[in-house]
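Only one structure is covered here, and it is reproduced in the block below.
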Amino acid sequence: MGQSKAMAGVYIACAAAACAAAAVLVSQRVKVRSQKCTARKILLEFQEACDTPVARLRQVVDAMAVEMHAGLVSEGGSKLKMLPTFIDHLPDGNERGLFYAVDLGGTNFRVLRVQLGGLEGRVIKQEYEEVAIPPELMLGTSEELFDFIAKELVSFVAREGEDFRLHAGQGREIGFTFSFPVKQTDINAGSLLQWTKGFKVNDAIGQDVVAALQGCIERRGYKMRIAALVNDTVGTLAGGRYWNNDVMIAVILGTGTNACYVERAESISKWGGELPKSGQMVINMEWGNFWSSHLPRTYVDESLDNESLHPGEYGFEKMISGMYLGDCVRRVLVRMAQQAGIFGPHVPHKLLEPFSLQTPDMSKMHHDNSSDLKMVAEVLKRVYGIQNTTVGIRKIVLSVCDTVCQRGARLAAAGIVGILKKIGRDGSAANGLNRRNNTFEQSDVNGTHDEVPVNCPTGSGKTVVAMDGGLYEHYGEFRNYMQEAVVELLGEASKNVFIELSKDGSGIGAALLAASYAEYVPT
Ligand code: GLC
């Protein structure tokens, strides 16, 4: 009897423990569910705020075309700088000789040499070297930065093989790709207006960047001439045009983002110089600084901008480019971690660190199509030490990546269509291609079209947009969303618009421009 009472006691105790455990489990499940619920709410609100339906994109397209016009009319007429580049003709295949390029502006620094053989030989041989830019140089002094470029360049030239040859009487001429806003005063002179992306070398602002580099090269005892100063977009345009006459626009989607295009010189009312004979000039838009009230701005963009190296500047770039996309995602995850505890009771310390989530990792998570989202779990663990995430939470993280990527890609598409609209190649009803003489006929629908648009050399009616940059090249979802949106916006006219990767075009493009604007004229 005593024994059975004791047994009954044990059963009761066990049952109570089981109940308590079940209660803890239930309460944990309830907690997890409510965390997920709060996180979902945060996600939904963010998705709504980032939404870019076609009607909104059209407003961005129109705003882009209007701002382009305003930026061409007067200095400071728009946040779009619309910088004249002094490039009035692009490479056409006739370039000959040995030329060099140095390329500073993204994550890596590059030096390149290319032996050009004219129309028959084209690119006979090329060689390049790439090094990561030491981060301290991005925030150091101008002397350190330009001397670093000079040092890499002269050591590259010193290691030149016999198969690269200067023609008799040819000096070493360089194309200098400097991917920041520069106010040019000539094809090979111009002062830095401001830094963008991760650079902040204060004493360089206002300096002539060509003279600065030229000085450093000479101090190292070398004689080379910088023949052309080019933005990376301009290099990409030149590289693209070298192979394809229909290339009229170039876009970079990399660490930063920007576009350039061929404009009618007459439309550049702010241009004080003589009009070029070709009647055309390449314009570096610096579209990263584009702004419009139609852009879908969220709390993420506000905090990112406030804490950035250049607050209030380059708002479009901060929504689109590789330097910032990962950080947009991180900022949403921080909110979810703080308000919904999705990563446990404490917010992982590293998650609070700006730029700790880089876009290549965001892209890895976004492309995860395994059923349990292994890659999402792997990245969260590797970057933040976050363990044991549920598939539900991983799905939410992936959706955040998707939202940020989709918004950026669709805005980039609207930017491209804005340019097409400005040059009369968006196929809008009033702008028909007159097949007889291969020029565009159009009316000035809303003051943003030129009366006579720029024509490409072939007059084929096709427009090719040369693209470059790691974001475009490596982030497949971004590329797809962007292309989809271009088609959505252009409809039928998209059949005449070709968006083509022009890989590393900017390096070779700068060397080609050095050839086009060289002192040396091949005989
Ligand atoms: C930044 C620079 C711009 C460059 C772009 C892409 O926006 O200001 O000059 O073209 O990044 O590298």
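A few comments on the model shown:
- For first residues located in segment 231-252 and within 28 Å of Trp195 (Cα to Cα) and touching a residue at least 12 places away in the same chain (Cβ under 8 Å), partners that are part of a loop (DSSP other than H, G, I, E, B) and within 15 Å of the ligand (Cβ to nearest atom) and lie 6+ apart or on another chain with Cβ distances below 6 Å form the pairs Asn231/Ser179; Asp232/Gly105; Asp232/Ser179; Val234/Thr85; Thr236/Ser502; Gly239/Ser502; Gly240/Ser502; Ile252/Gly469.
- Odd one out for Gly215, checked against (1) small (Gly, Ala, Ser); (2) touching a strand residue (DSSP E or B) at 6+ places or on another chain (Cβ under 6 Å); (3) more than 14 Å from the ligand (Cβ to nearest atom): (2)
- Residue within segment 267-281 that is closer than 30 Å to Asp62 by Cα, within 16 Å of the ligand (Cβ to nearest atom) and at pLDDT 95 or above present: no
- Any hit, segment 298-305, residues being crowded, with 20+ Cβ neighbours inside 10 Å, touching a residue at least 60 places away in the same chain (Cβ under 8 Å) and within 16 Å of the ligand (Cβ to nearest atom): no
- Selected residue [free of Cβ contacts under 8 Å to residues at least 60 places away in the same chain, on the phi < 0 side of the Ramachandran plot and out of contact with any Asp or Glu (no Cβ under 6 Å at 6 or more places or on another chain)] from Asn202, Asn188: Asn202
- Enumeration of residues in segment 481-515 that are buried (at least 22 other Cβ atoms within 10 Å of the Cβ) and farther than 20 Å from Leu411 by Cβ: Ser502, Gly505, Ser506, Gly507, Ile508, Gly509, Ala510, Ala511, Leu512, Leu513, Ala514, Ala515
- Among (1) out of contact with any strand residue (DSSP E or B) (no Cβ under 7 Å at 6 or more places or on another chain); (2) away from the ligand (no atom under 15 Å from the Cβ); (3) open to solvent by less than 30 Å² (accessible area, probe 1.4 Å) - the single one Gly198 does not satisfy: (2)
- Residues (under 22 Å from Gly427 (Cβ atoms) and among the polar types (S, T, N, Q)) located in segment 481-523: Gln483, Ser494, Asn496
- Residue within segment 307-314 that is crowded, with 24+ Cβ neighbours inside 10 Å, within 16 Å of the ligand (Cβ to nearest atom), modelled with pLDDT of 95 or more and not in a strand (DSSP E or B) present: yes
- Selected residue (criterion: surrounded by the most Cβ atoms within 10 Å (Cβ to Cβ)) from residues of segment 347-376 that are of a type in the set (A, V, I, L, M, F, W, C) and in a loop (DSSP other than H, G, I, E, B): Leu357
- Strands (runs of 3 or more DSSP E) enclosed by segment 221-265 - at least 2 residues per element that are more than 16 Å from the ligand (Cβ to nearest atom), open to solvent by less than 10 Å² (accessible area, probe 1.4 Å) and in contact with a Pro (Cβ under 6 Å, 6 or more places away or on another chain): none
- Any hit, segment 379-397, residues being over 30 Å from the mean Cα position of the chain (by Cα) and of a type in the set (D, E, K, R): no
- Among (1) loosely packed, with under 15 Cβ neighbours inside 10 Å; (2) of a type in the set (S, T, N, Q); (3) in contact with a helix residue (DSSP H, G or I) (Cβ under 8 Å, 6 or more places away or on another chain); (4) over 30 Å from Gly273 (Cα atoms), the one test that Asn94 misses: (4)
- Boolean, Glu152 is more than 12 Å from the ligand (Cβ to nearest atom), more than 21 Å from Ala518 (Cα to Cα) and out of contact with any strand residue (DSSP E or B) (no Cβ under 9 Å at 6 or more places or on another chain): no
- Residue-level check: of (1) in contact with a strand residue (DSSP E or B) (Cβ under 8 Å, 6 or more places away or on another chain); (2) under 17 Å from Thr177 (Cβ atoms), Asp246 misses just (2).
- Out of Thr403, Thr359, Thr389, one residue alone is touching a Cys at 6+ places or on another chain (Cβ under 7 Å) and among the hydroxyl-bearing types (Ser, Thr, Tyr). It is Thr403.
- Qualifying positions in segment 160-189 - under 20 Å from Ala212 (Cα atoms), among the basic types (Lys, Arg) and surrounded by fewer than 20 Cβ atoms within 10 Å (Cβ to Cβ): Lys183
- Filtering Leu295, Leu304 for residues that are over 24 Å from Val201 (Cβ atoms) and either aliphatic (A, V, I, L, M) or not in a helix (DSSP H, G or I) (or both) leaves a single hit, Leu295.
The values are calculated or read from the model by the stated rules, or taken from the named source; none is laboratory data. The shown structure was predicted, so the numbers you read here are calculated from the model rather than taken from an experiment. Backbone-built Cβ (ideal geometry, glycine too); neighbour counts: all protein chains shown. These area figures cover heavy atoms from the full protein model, side chains too; ligands, DNA and RNA do not enter into them. Shrake-Rupley method; radii C 1.70, N 1.55, O 1.52, S 1.80 Å.
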